[in-house]
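Encoded as structure tokens, the structure appears first; notes follow it.
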Amino acid sequence: MTAAVRPYEAVLLAPLWPLTVHTARRAVRTRTAPDPVSPRLLAGAVALFTLSVTVGVPAVRRVLDAVTGVRSVTALVGHLLGLAAITCLTAFVRRMSAPPGSVRRPAGTAAALRRRLPIPLAATTLCTAFLPAPRPSGERDFLTTGRSAAHVVFWGVFLGCVLWGVTAVAVMCLRHHRQAPPGPLRTSLGLLGAGAATAVGYAVHRGAHLALRDKGIPLFADAVVVPTTQLLLSASLLLSVAGLAWPSLTEARRVRAERRRVRRLEPLWRLLGEAVPEVVLPLPAGLRDETGLVRYRYVIEISDALLALAPFRSGAVEAAARERLSAQCRHPHVRTVSTALAAAARDP
């Protein structure tokens, strides 16, 4: 019997589920934004990809097949979810790469209907081809081992939609990658484009297997095609996950660096604020999590406090303070203040 979770599925689900939660939370937070559709499309694409992989897990597949009483029903559900995910991803990339100020076609126009109509037709065809297709019992996947005309129709329609969608994503990402300035956006587009290009390889590879699997070519035997397909799917999804998560990871890294700077400045800011309390201005509660703004405020208020204390400064007092600081340099609190002074000098 097949294991409960295969290795490649574990590798995929480990980053997919956290990314699903992250994109869903972001879509909820931006529901009142001027353009909330793009985060929703992204969250939908990630969630659908995650569900598509999840329903293919052997343990989940056995449960769903037992509950529904339909053999290999998870194969149909997983491919329908994958088709919907590619549609959402294509719409997201198209929306994000559209020129600023471009007019979007209303939902009821003929052009919009022509663009949306192939997906329902493809889903209907997949369901229709699934019904008469022989579905073996046990752990075998009928889409890999089947030889009927229904299998050919199912795979032909699915691979055609996949090839159309991922080719559009690859072209859009790689084209805008060249135009994007260096930074997280360019890296994200490059990773998404590489993931889509790998998915093109998956579709071509699977189509070649569909056409040549009865020709006796060892390269397209089922024993070779199954691990190759898993490798291509894993590489495509992991590259896409990395591309989608890269801006958020870069932002999280920037925020952590800002927080470290704030923590290093805070002891000096508190000491000078106690000496000159009038330079410390109230900060609204909604802005306290903006680490860049907090650091900017600390630097300004430290500078204002130093200006206010300048008339009381003398060479003798400064020399005495330096001697006392040198004598107590091993004290943890003094080391913290020294670090804050160095940070203030380095980050004006």
field: Vicinal HN-Hα couplings computed from phi for region 13-18 (Karplus, 6.51 cos²θ - 1.76 cosθ + 1.60; Hz; Gly/Pro x)
entry: 6, 4, x, 5, 5, x
message: Through the Karplus equation 6.51 cos²θ - 1.76 cosθ + 1.60, θ set to phi - 60°, convert the phi angles of region 55-63 into ³J(HN,Hα) values in whole Hz; use x for Gly and Pro.
response: 5, x, 5, x, 5, 5, 4, 5, 5
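Sort Ser236, Ser148 by Cβ crowding within 10 Å, fewest neighbours at the top.
Numbers: Ser236 21, Ser148 13.
Lowest count first: Ser148, Ser236.
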field: Ranked packing of 12-22, 193-203, most packed first, by mean Cβ within 10 Å
entry: 193-203, 12-22
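Using per-residue counts of other Cβ atoms within 10 Å, averaged over each peptide, order 181-192, 57-68 from highest down.
Values: 181-192: 16.9, 57-68: 14.8.
Going by the mean number of other Cβ atoms within 10 Å, highest first, we get 181-192, 57-68.
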- prompt: How much length, in nm to one decimal, is gained on full extension between Ala257 and Ala327, taken as 0.36 nm per residue of separation minus their Cα-Cα distance?
  reply: 22.1 nm
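If you take the beta carbon distance between Ala208 and Leu271 as r and set R0 to 51 Å, what does 1/(1 + (r/R0)^6) give as a FRET efficiency, to the nearest 0.05?
Values: r = 71 Å, r/R0 = 1.39.
It comes out at approximately 0.10.
Bear in mind these aren't lab numbers, they're just calculated from the coordinates by the rules spelled out. Small disclaimer: the values here were computed from a predicted structure and weren't measured. Every residue, glycine among them, receives a Cβ derived from its backbone with ideal geometry; neighbour counts consider all protein chains shown.
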